[in-house]
Amino acid sequence: SITHIGIMPYVNIDNSLIFGDTRLVRANEGGLAWSFGSGMRYYIEDWDVVIGGNGYFDRDELTGAHLKQWSTGAELLAHRWEARGNLYQTFGNTFDLVGQNVQAGSTAFVGNNITYTRVDTFAEALKGFDAEAGFLLPGELAETIDLRAFGGGYFYEGENIDGFAGWSSRLQADIGRWLELGLKVTDDERFHTTVSFSAAVYFGGFKSEEHTKRSAIQRFRDPVRRNMNIVALESNVAAPGQIAINPDTNLPFTVAHVNSNDLIGPFNGTVNEPYR
């Protein structure tokens, strides 16, 4: 789970809106991610629709790896429906070692040493795209709280990870003008089924001068819908046969095994041939 804050300054010129978008994300268990982006939206009055494009640079340390990507997106926003898509492209070092531990039950005596299986955990950033379409649900209540339903899909792949696709579905509602609530479900073969809940509080924002009817121009203030962090997959790689090292000497621990009932020998102190 994450906590995030964003700042979206903008300039409104006639039917155009030019905006910046800076976001800071902190994992509630530690780690940061941040984004710098900008874009433009244009209101087509004859069609009552807003078209927009945007671009971003993202840096992500949520997994412990230092991951980077750029992305670009396009959107269509009408009063009752909308559609969008985002392309994500990683660059630089796309995977890194983020953790090591000992596999449970793997420790053993071999000769005069202690061996174990080390498990290396790697995080790899994934490139890909997502797209979704949504609509305002019918009914007076849905109109009042701007209750919208969305469906879409995504595809991701990495340098060491085969491509995989998934689907997403979400609900979104505005409680008053300042509080947005969301519920999202995704499913794919890598991350399996994930359910997430979101809440966002908004301050300020674009206010339409049109009061006679609901219009798509009132959606100028909507945030850009995209991933809050770089999609990354963690995987474990087992490295058996590791020898335990004494940190004081930087040499392997030497263990002498003793069995007073051993009468055969050759008595070299190993686990199979202990001293008497």
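Overview of results
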{"read-out": "Residue that is modelled with the highest pLDDT [pool: residues in segment 253-267 that are open to solvent by 70 Å² or more (accessible area, probe 1.4 Å) and among the polar types (S, T, N, Q)]", "value": "THR254"}
{"read-out": "Search result, residues across segment 82-116 that are among the β-branched types (Val, Ile, Thr) and open to solvent by less than 70 Å² (accessible area, probe 1.4 Å)", "value": "THR90, THR94, VAL98, ILE114, THR115"}
{"read-out": "Failed criterion for THR270 (all others in (1) assigned to a strand (DSSP E or B); (2) surrounded by 15 or more Cβ atoms within 10 Å (Cβ to Cβ); (3) among the β-branched types (Val, Ile, Thr) hold)", "value": "(1)"}
{"read-out": "Residue within segment 236-243 that is buried (at least 16 other Cβ atoms within 10 Å of the Cβ), at pLDDT 90 or above and either among the hydrophobic types (A, V, I, L, M, F, W, C) or part of a loop (DSSP other than H, G, I, E, B) (or both) present", "value": "no"}
{"read-out": "Residue within segment 79-95 that is at negative phi, of a type in the set (Val, Ile, Thr) and more than 18 Å from the chain's Cα centre (by Cα) present", "value": "no"}
{"read-out": "Residues located in segment 41-60, provided they are open to solvent by 50 Å² or more (accessible area, probe 1.4 Å), among the charged types (D, E, K, R) and either closer than 20 Å to GLY6 by Cβ or in contact with a strand residue (DSSP E or B) (Cβ under 8 Å, 6 or more places away or on another chain) (or both)", "value": "ARG59"}
{"read-out": "Any chance GLY30 is open to solvent by less than 30 Å² (accessible area, probe 1.4 Å), assigned to a loop (DSSP other than H, G, I, E, B) and more than 19 Å from SER215 (Cα to Cα)", "value": "yes"}
{"read-out": "Filter pass, GLY39 being modelled with pLDDT of 95 or more and more than 25 Å from LEU233 (Cβ to Cβ)", "value": "yes"}
{"read-out": "Given (1) among the β-branched types (Val, Ile, Thr); (2) under 28 Å from ASN160 (Cα atoms); (3) open to solvent by 60 Å² or more (accessible area, probe 1.4 Å), index of the condition VAL119 fails", "value": "(3)"}
{"read-out": "Any pair with Cβ under 8 angstrom, 6 or more apart, that starts in segment 220-235 at a residue that is farther than 21 Å from ASP48 by Cβ and part of a loop (DSSP other than H, G, I, E, B) and ends at one that is β-branched (Val, Ile, Thr) and open to solvent by less than 50 Å² (accessible area, probe 1.4 Å)", "value": "MET228/VAL25; ASN229/VAL25; ILE230/THR90"}
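The values are calculated or read from the model by the stated rules, or taken from the named source; none is laboratory data. Not measured: the values here are computed from a predicted model. Please note: Cβ atoms are built from the backbone with ideal geometry, for glycine as well, and neighbour counts cover all protein chains shown. Quick note on the areas: whole protein, heavy atoms, side chains included, nothing else; ligands and nucleic acids left out. Shrake-Rupley method; radii C 1.70, N 1.55, O 1.52, S 1.80 Å.
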